[in-house]
Each structure stands twice: as C-alpha cells, then as structure tokens.
Amino acid sequence: MSTMLPAPPRPNTSQPREASQRSAPSPVKTRLTGTRKAIRAARKSEIEASTDGLTVERRFSNISWWAVGWLTMAHIVVLAAPFTFTWTALFVALGLHWLTGSLGICLGYHRLLTHDGMKTYPWVRYLFTTIGTLAGEGSPLDWVADHRKHHKHSDQVGDPHSPHEGPWWSHMFWLAFHTHNGDRAAHLNRWVPDLYKLRGMRMFDYLFLPLHILTGIVLFGIGYAIGGTEMAVSMLVWGMFVRLVGVLHATWMVNSASHIFGYRNYETTDDSRNNWLVAIVAYGEGWHNNHHAYPRMAKHGHKWWEFDITWMAILTLKKLGLVWDVVDYRNAAEKASKSSAAQA
Ligand SMILES: [Zn+2]
Ligand SMILES: [Zn+2]
C-alpha cells in the first residue's frame, strides 16, 4: 500500500541531436535547472521547518497509487454485490469479516503488534499477522507505524488521520497519501524499529498481494465446487470484496466516528470517544477513549456493559496457553490487586 512511486517518465529523446548540442548544454537551461532545484530545496526545508516532517504532504507526487488503486478496485467490485447474492456467500463473508477484522486487525495488528498487549510464541504472532494482512489494510509495518504515530500525536500536528482535518479525511482520504512522505525506511525506523528489523515482518510487503490473490482463488474454487460458476462468482464478490470493504469501513470508523461521536470515561488530551456502534462493527475497538487513556491494555471495555468480543478471543487464547502476560490492568496498583485476587 505504501510502495514507492515509480520513477518519473524519461524525457522524450526521439529527436536526434548533434553531438555538439549534447556535449554543450545551453547556459540558459543550466541556470533554469539550478533555479528550479533551489526552489525545490527551499520548499522542502520550509515544510520540514514548519512541521518537523510530521504532517502528511498532500502533493501529487506523494499520492499512494497502490492504495488508491486497491481501495477503488475493491469498492467498484462491491457494486456487483446485489446481482451475485447467495446466503452461503453472505455467511462466509460474515465469518471472514470476524476472522480478519477481529482476530487479524484488532487482536493481531493492533493489540499484539502495535501495543504489545500480550506475549506469545513467534508462530502465533506470525499467524495473527497473516490473518491481519488478509484484511486488506496494508502491510503490518505501515499499519503499525501509522497507528503508533496516531497515538503519539493524537488530534495534534502529526496525527495521520485526525477529524480536525475533516471527517472524511480521517475516515479514508488520508490513505491516498504516503504517511512517510517519500522516505519509508526513515519512517519505519522511527516508528516500528522492533518490527522493521525482523525479516519475517518485512516479508509481508511482498506477500500482501499474493495472499489476497490466493484467497480469491480458494473462494472461487470452493464456490465452483459447491454450486458451479454462479456460486463461484458469489463467493468471490461477497467472501472477498464485500467482506474487505466491510472490514475497511469498520476500522476506518474507529479513526473517524470514535474521535467525533460518543462519551468519554477518561480525560485524555485527544478527542477520543467510546462509541457503541463502532464497538459492535469493529469488535471492541469502539471503546476508543478507554484505549487512548490506557493504550497497552489489551482489554478495551472498562465498564461492565462495554462488551469487547476481541477480548473474549484473547481470554480463550490465554486459557489455551497460547498467550500470556496479558495487559488487563490500568496501572501497577490495579495489577497488584488483580494478581493478589487471583491467588486468593
Ligand atoms: Zn484514536
Ligand atoms: Zn491503539
């Protein structure tokens, strides 16, 4: 999603020129090129001075064509949904929505990779990272870097997706630009040094597209086996694209709606809110004010009615012995009282 832009097209050299012309560039041209370079350098240092390089640069050359193409394509395919509906494909889509949304994004990308809210075996970590990648929200490196940056600068200069810059910007349009402003390595070294140094995590940059193509083929194949071409297309459109777009908008609502609508349990320095609708569609992530107040806490529902289905999955994994040292406390005192209660 954040792959570097291809090199600009070369100038047209189809007109043959004399050797003397090539070897002796015009002094006027040289002066112009030098002036343009100086203007560009001045503009760059101006941006860096005013924003410390934190703000996403909304310039044409910083557009992420991979992200724009990928997200546009998924939304266009969804237009075929009413004509390809089957109940089987709807249930498959709902099941995969939960799998990739709750287990992949909320548990894997967010609470495990971004906030280190629990400890686990490397294979479990990579399993949940793979499921997270299948949600179509980009590589784990970019996702985690953007989200850590969001926590560090929440609703301030440097937040990649604050509704202060408009609700639709925070919901989806921020994705049209590279948050790294062209220097991805520096961005990743700054925000995700722990993951960027792992070859396994860097591999997901290359696995992103093949994993989705494979999923599409499997869905199409299963559909064809159980109901011929019609079911195959239905499984592809619903199981893949309706599900993808559904998970995307659920996650995006955390960034938009949960910073605009809802109540607050804690006085945080940002505008985060607890929003019950987002908590349902985004599997517990809608208790976003709780999360901003205590980011490492893997349990996002803090009041008894704040139901968090991803927390249920974490508890199940804990019972199975697949995760441990789960952060379910706000501070040291709460941790001590919980552990003494467990021993009593
Ligand atoms: Zn937030
Ligand atoms: Zn977070």
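Rule-based calculations on the coordinates, nothing more; no lab input. Since we're looking at a predicted model, the values are computed, not measured. Don't worry about glycine lacking a Cβ; one is built from the backbone with ideal geometry, like all the others, and counts go over all protein chains shown.
One table, with the values for the structure above:
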{"quantity": "The range 203-261, residues that are away from ligand 1 (no atom under 16 Å from the Cβ) and aromatic (Phe, Trp, Tyr)", "calculated": "Phe204, Tyr206, Phe208, Phe220, Tyr224, Trp238, Phe241"}
{"quantity": "When residues of the range 108-124 are limited to those that are under 15 Å from Ala298 (Cα atoms) and more than 16 Å from ligand 2 (Cβ to nearest atom), the one surrounded by the fewest Cβ atoms within 10 Å (Cβ to Cβ)", "calculated": "Lys119"}
{"quantity": "Members of the range 300-319 that are farther than 21 Å from Ile105 by Cβ and assigned to a loop (DSSP other than H, G, I, E, B)", "calculated": "Lys303, Trp304, Trp305"}
{"quantity": "Trp174 vs. criteria under 12 Å from the mean Cα position of the chain (by Cα) and of a type in the set (Phe, Trp, Tyr)", "calculated": "yes"}
{"quantity": "Selection status of Leu322, in contact with a Ser or Thr (Cβ under 7 Å, 6 or more places away or on another chain), farther than 19 Å from His97 by Cα, away from ligand 1 (no atom under 16 Å from the Cβ) and of a type outside the set (Ser, Thr, Tyr)", "calculated": "yes"}
{"quantity": "Tally of residues being within 17 Å of the chain's Cα centre (by Cα), of a type in the set (Ser, Thr, Tyr) and part of a helix (DSSP H, G or I) across the range 233-263", "calculated": "2"}
{"quantity": "So His164, is it under 21 Å from Ala257 (Cβ atoms), surrounded by 21 or more Cβ atoms within 10 Å (Cβ to Cβ) and within 14 Å of ligand 1 (Cβ to nearest atom)", "calculated": "no"}
{"quantity": "Of the criteria (1) under 29 Å from Val323 (Cα atoms); (2) away from ligand 1 (no atom under 16 Å from the Cβ); (3) in a helix (DSSP H, G or I), which one His151 fails", "calculated": "(2)"}
{"quantity": "Residue that is nearest to ligand 2 (Cβ to nearest atom) [pool: residues in the range 252-288 that are under 20 Å from Val157 (Cα atoms) and among the charged types (D, E, K, R)]", "calculated": "Asp270"}
{"quantity": "Test: Gly136 is away from ligand 1 (no atom under 14 Å from the Cβ), crowded, with 23+ Cβ neighbours inside 10 Å and in a helix (DSSP H, G or I)", "calculated": "no"}
